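The values are calculated or read from the model by the stated rules, or taken from the named source; none is laboratory data. Note that the structure is predicted; figures quoted are calculated from it, not measured. Here the Cβ is made from the backbone with ideal geometry for all residues, glycine too, and neighbour counts use every protein chain on show.
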Amino acid sequence: MATVSIPACTTALLLDIEGTTTPITFVKDILFPYIQEHLEDYLSSHWEEDECKQDVHLLKKQIEEDMKQNRACPVHAVDQTVHTDEEKAIREVMDNVLWQMAADRKSTALKQLQGHMWRAAYASGRIKGELYQDVVPSIKRWREQGLKVYVYSSGSVEAQKLLFGYSVEGDVLDLLDGHFDTTIGAKVDAKSYERIAERIGCQPEEITFLTDVTREAKAAQESGVNVAVVVRPGNMELTDEERAHYNLITSFSQLEVTGRV
Ligand SMILES: CSCCC(=O)C(=O)COP(=O)(O)O
Ligand SMILES: [Mg+2]
């Protein structure tokens, strides 16, 4: 397997989750269906709680933003089974969440709610966070080499901590130095990577970002961050141009930090 060198100035690895540390199928076939199946029950039973109220408030702000941008969520006629104002409000939130999920939106509002909903599924052992086999050994090796390891995912920080805290390899949260989500900015915006570098306390050039999504890779590169695109089974096909432009890896074990043993 060919090795891919990362610059000697690298002090931190920044990892995407879906398609990078974790199969896309875990997200699409396990995590998302869990939300779809439990959404109504969850909203009905948590509706009066502060956390759920904040989630709904964020979703409503997102709806207002979407309406301004003409990204309208289809409004369904409320059916005969809905009687009270609360039931109607829950149905509206459900319509919006399911619509956002169908479009695989990465809005902070959607991701916060999802993170809160997955808490029970992970804690009960019903769901375990999947990690590719090369992930944990590679993170351990990088840490031994003195590198810091961070996660940057559209999934909320809470959702990230659940995935790594209740993973197929047990609780591996101690291997991570920190987490970033879309509250720092979108992954397709170069400024987000500048902010992450500032938060970590290093220059963008000292960070190597691993992701499966070339729009994210492009934004990271624009900010000065070094990038490798991760090719895993089921990930989006890359164009010939993308293949030529980016360093590609199929396993984290291919990465070699120049000058570190
Ligand atoms: C870590 S939570 C589950 C994944 C998720 O909801 C998501 O949007 C993953 O996006 P990523 O930025 O990790 O590709
Ligand atoms: Mg990804």
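Some notes on this structure:
- Options Glu241, Glu169, Glu198, Glu256: the member that is surrounded by fewer than 15 Cβ atoms within 10 Å (Cβ to Cβ), away from ligand 2 (no atom under 16 Å from the Cβ) and under 20 Å from Val135 (Cα atoms): Glu256
- Scanning region 1-57 for residues that are aliphatic (A, V, I, L, M) and either surrounded by fewer than 16 Cβ atoms within 10 Å (Cβ to Cβ) or more than 16 Å from ligand 1 (Cβ to nearest atom) (or both) turns up Met1, Ala2, Val4, Ile6, Ala8, Ala12, Leu43, Val56.
- Those residues of region 236-257 which are part of a strand (DSSP E or B) and modelled with pLDDT of 95 or more, in sequence order: Asn247, Leu248, Ile249, Leu255
So that you can scan it fast, the table gives a plain yes or no per residue for (1) under 30 Å from Ile6 (Cβ atoms); (2) in contact with a His (Cβ under 6 Å, 6 or more places away or on another chain); (3) within 16 Å of ligand 2 (Cβ to nearest atom); (4) not polar (S, T, N, Q):
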{"residue": "Val97", "(1), (2), (3), (4)": "no, no, no, yes"}
{"residue": "Ser124", "(1), (2), (3), (4)": "no, no, no, no"}
{"residue": "Tyr132", "(1), (2), (3), (4)": "yes, no, yes, yes"}
{"residue": "Val136", "(1), (2), (3), (4)": "yes, no, no, yes"}
{"residue": "Gly146", "(1), (2), (3), (4)": "yes, no, no, yes"}
{"residue": "Val149", "(1), (2), (3), (4)": "yes, no, no, yes"}
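- Selection within region 187-202 - farther than 14 Å from Leu147 by Cα and of a type outside the set (A, V, I, L, M, F, W, C): Lys187, Asp189, Lys191, Ser192, Tyr193, Glu194, Arg195, Glu198, Arg199
- Total residues in region 159-184, condition more than 19 Å from Thr208 (Cβ to Cβ), touching a Lys or Arg at 6+ places or on another chain (Cβ under 8 Å), outside any loop (DSSP other than H, G, I, E, B) and more than 9 Å from ligand 1 (Cβ to nearest atom): 2
- From the options His116, His46, residue that is closer than 30 Å to Leu210 by Cβ and outside the structural domain of Arg215 (by the TED database): His116
- Within region 201-215, tally of residues that are under 24 Å from Asp134 (Cβ atoms), assigned to a helix (DSSP H, G or I) and touching an Asp or Glu at 6+ places or on another chain (Cβ under 7 Å): 1
- For region 222-238, filtering for residues that are buried (at least 17 other Cβ atoms within 10 Å of the Cβ) and either polar (S, T, N, Q) or more than 27 Å from Thr25 (Cβ to Cβ) (or both) leaves 4.
- Ala219 under 21 Å from Tyr132 (Cβ atoms), within 13 Å of ligand 1 (Cβ to nearest atom), among the hydrophobic types (A, V, I, L, M, F, W, C) and crowded, with 16+ Cβ neighbours inside 10 Å: no
- Flag if Gln203 is touching a Lys or Arg at 6+ places or on another chain (Cβ under 6 Å), touching a residue at least 12 places away in the same chain (Cβ under 8 Å) and over 22 Å from Gly115 (Cβ atoms): no
To keep it simple, each residue is scored yes or no on (1) among the charged types (D, E, K, R); (2) over 17 Å from the mean Cα position of the chain (by Cα); (3) closer than 24 Å to Leu110 by Cβ.
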position: Glu144; (1), (2), (3): yes, yes, no
position: Ser156; (1), (2), (3): no, no, yes
position: Lys161; (1), (2), (3): yes, no, yes
position: Phe164; (1), (2), (3): no, no, yes
position: Ala197; (1), (2), (3): no, yes, no
position: Asp212; (1), (2), (3): yes, no, yes
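- Matching entry among Lys140, Lys187, Lys161 (being under 30 Å from Trp47 (Cα atoms), in contact with a helix residue (DSSP H, G or I) (Cβ under 8 Å, 6 or more places away or on another chain) and either within 14 Å of ligand 2 (Cβ to nearest atom) or not assigned by the TED database to the domain that holds Glu40 (or both)): Lys161
- Some residue of region 149-157 being farther than 25 Å from Ile249 by Cα, in a loop (DSSP other than H, G, I, E, B) and outside the structural domain of Arg71 (by the TED database): yes
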